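Pasting a structure here, questions to come.
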Amino acid sequence: METDYLIVGAGAQGRIFADELLAHTDAHITLVDRRDHVGGHWNDAYSFVRLHQPSVYYGMGSQPLGRDRIETDGVNAGLFEQATGHEVLEHFQNGMQDRLLSSGRVTFLSGHEYGGDWVGEHVVRSLSADKEQRIKTKNALVDTTWFNVQTPETHTPRFSIDEDAPLTTPARLPLDLPGHEKVVVIGGGKTSMDVVIWLTENGIAPDDICWIRPRDSWLLNREAAQPGDAGYLRMVRSQLNRMEASAQATTVEELYLLMEQRGEFLRIDPNEVPTMNHGATISRGEIDVLARVRDVVRHQRVQAVSRGCLTFDKGDRHFPENTLFVDCTAKAFHYRPPEPVFKDKTITLQIIRDGLISFSVAAIAYIEANYTDEQRKNALAVPVPYEEDPASLIKRYKVDMTVQGVWAKEKA
């Protein structure tokens, strides 16, 4: 089999890249995925998950995601809609059928795994038929696995779990919640925040929630990333806030505090200085809900879960026997040092504009379609370094603003 581009992974990144290539080239594209259907990690998402950002910033460029609607009630009233997990899946499934496969230039090998490069040919194995085939790739292999995305349904907890421990995941939470007197949410990331908000919206009093939050996070204010004319002016103000705060601050902590004063960053507890920044986005309304949970366990990590008890590195804490524990400890991204996007006929998809995953992938595809020199392509596609350490924000700002300068001189 021959193809111009072999894309490993038919999740969001693989399909966005393919969609953009179709728009700017006449290339043939082959996608390979272990699953029998498209969607990647969205197939494992919990039912109440939503995008962090407005729908218009996510998905395939050839078709809109969502209805460009402004929320009129709830914790995100006044902000542009954020698609649900079901809506995102439908968006990509429709895009695969109506846009990619119908083009006649896309082949989708579902239920297959990539087996590596073998003397100039790529090996692809069927997971059901125990067969393999070799694919000659004329232009490039496209690797979508750099992020190594995990969900609460697919990761393995680091703590031990007793057989009779009432431990659930966000996806199973709606089924497992009835009959429990208290809920303990384990984890401090965006998933745990979604779970706490869902619990309160479904009748669980904040006093009946215990939140195991070893570390707090700085969170981006969703108001600063809204589309439309008003949103554009707000984003320009955000750029100015970023530069002013960077110029004035003498320490990392001071930089965040100045950005918080300007409304760019938020935190749940004003008395706790966060020690993480995963780039999660949140609204002030969500912050208000999360701050109502007063039973917060900080600076300790769970070592074991048993019925009515959590074991920490500094001792045990006991709960009523019918307490439900919710595991929210999966990391969406496993941070790694950036690597060249274009190298030796391999394209490694990464974020090249801060916070914009879909746009970054589409931009990489556009650069691939319109430039030939590898050095020039890498100068236009500099990966933004992502680490959970708050100090990494400075590196991200530096790379992102440098690339803006490079792009400003590039008419295409």
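The values are calculated or read from the model by the stated rules, or taken from the named source; none is laboratory data. Please read all numbers here as calculations on a predicted model, not as lab measurements. We place every Cβ from the backbone using ideal geometry, glycine too, and count neighbours over all the protein chains shown. Just the protein is used for accessible areas: all its heavy atoms, side chains included, with ligands, DNA and RNA removed. Shrake-Rupley method; radii C 1.70, N 1.55, O 1.52, S 1.80 Å.
For LEU257 and THR346, calculate 0.36 nm times their separation in residues minus their Cα-Cα distance, and state this gained length in nm to one decimal.
Values: separation 89, 0.36 × 89 = 32.04 nm, distance 4.07 nm.
Computed gain between LEU257 and THR346 is 28.0 nm.
In whole Å, what is the distance between the alpha-carbon centres of the stretch 284-347 and the stretch 140-178?
11
Now for a separate question. Need one number: nm distance between label points at HIS24 and GLU71, each 7 Å from Cα along Cα→Cβ, rounded to one decimal.
Those two pseudo-labels are separated by 3.3 nm.
What does the charge dipole of the stretch 75-130 about its Cα centre add up to, to the nearest 20 debye, if the Cβ of each Lys and Arg holds +1 and the Cβ of each Asp and Glu holds -1? Don't skip to the end; give the middle numbers.
Details: 3 positive and 8 negative charges, 28 e Å.
The calculated dipole for the stretch 75-130 is roughly 140 debye.
Now for a separate question. I'd like the accessible area for ASP216, computed on protein heavy atoms only with a 1.4 Å probe and all protein chains in place. Round to 10 Å², please.
Accessible surface of ASP216 is approximately 10 Å².
Tell me, in nm to one decimal, what length is gained between ALA249 and GLU113 on full extension, where the rule is 0.36 nm per residue of separation less the Cα-Cα distance?
Details: separation 136, 0.36 × 136 = 48.96 nm, distance 4.84 nm.
Full-extension gain reported as 44.1 nm.
Can you give me the relative contact order of the chain as a percent, contacts being Cα pairs under 8 Å and 6 or more apart?
On the way: 776 pairs, mean separation 82.0, N = 412.
That works out to 20 percent.
Rounded to a whole number, what % of the accessible area of the stretch 108-229 do carbon and sulfur atoms account for, probe 1.4 Å?
Result for the stretch 108-229: 45 percent of the exposed heavy-atom area is carbon or sulfur.
May I ask for the equivalent-ellipsoid semi-axes of the chain, computed as the square root of five times each C-alpha gyration tensor eigenvalue and listed largest first in whole Å? Working shown, then result.
Working: eigenvalues 270, 155, 79 Å².
The equivalent ellipsoid of the chain has semi-axes of 37, 28, 20 Å.
Which whole-Hz ³J(HN,Hα) couplings does the stretch 105-120 yield from phi under the Karplus relation 6.51 cos²θ - 1.76 cosθ + 1.60, θ = phi - 60°, glycine and proline marked x?
Those phi angles translate into 10, 10, 10, 10, 9, 7, x, 10, 10, 7, x, x, 8, 10, 6, x Hz.
If you don't mind, another one. With axes computed from alpha carbons, what is the tilt in degrees of helix 392-408 against the longest principal axis of the chain, rounded to the nearest 10 within 0 to 90?
30
Return the calculated 222 nm mean residue ellipticity for the chain, to the nearest 500 deg cm²/dmol, obtained by summing -39500 (n - 2.57) across DSSP H runs with n ≥ 4 and dividing by the residue count.
On the way: 10 runs with 116 residues, N = 412.
For the chain, the value works out to -8500 deg cm²/dmol.
May I pose another question? Which value in nm describes the separation of the simple spin-label points at LEU175 and LEU240, placed 7 Å from the Cα toward the beta carbon?
5.3
Can you work out the Karplus-derived ³J(HN,Hα) for every residue in the stretch 376-389? Use 6.51 cos²θ - 1.76 cosθ + 1.60 with θ = phi - 60°, whole Hz, and x for glycine or proline.
Result, rounded to whole Hz: 5, 4, 5, 5, 8, 10, 8, x, 7, x, 10, 9, 7, 5.
What distance in nm lies between label points placed 7 Å from Cα along the C-beta direction at CYS309 and GLU388?
2.7
Angle check, please: helix 252-261 long axis (alpha carbons) against the longest principal axis of the chain (alpha carbons), in degrees 0 to 90, nearest 10.
It works out to around 80 degrees.
Place a point 7 Å from the Cα of VAL123 along the Cα-to-Cβ direction; which residues of the stretch 19-42 have their backbone N under 18 Å from it?
Only 32-34 pass the distance filter.
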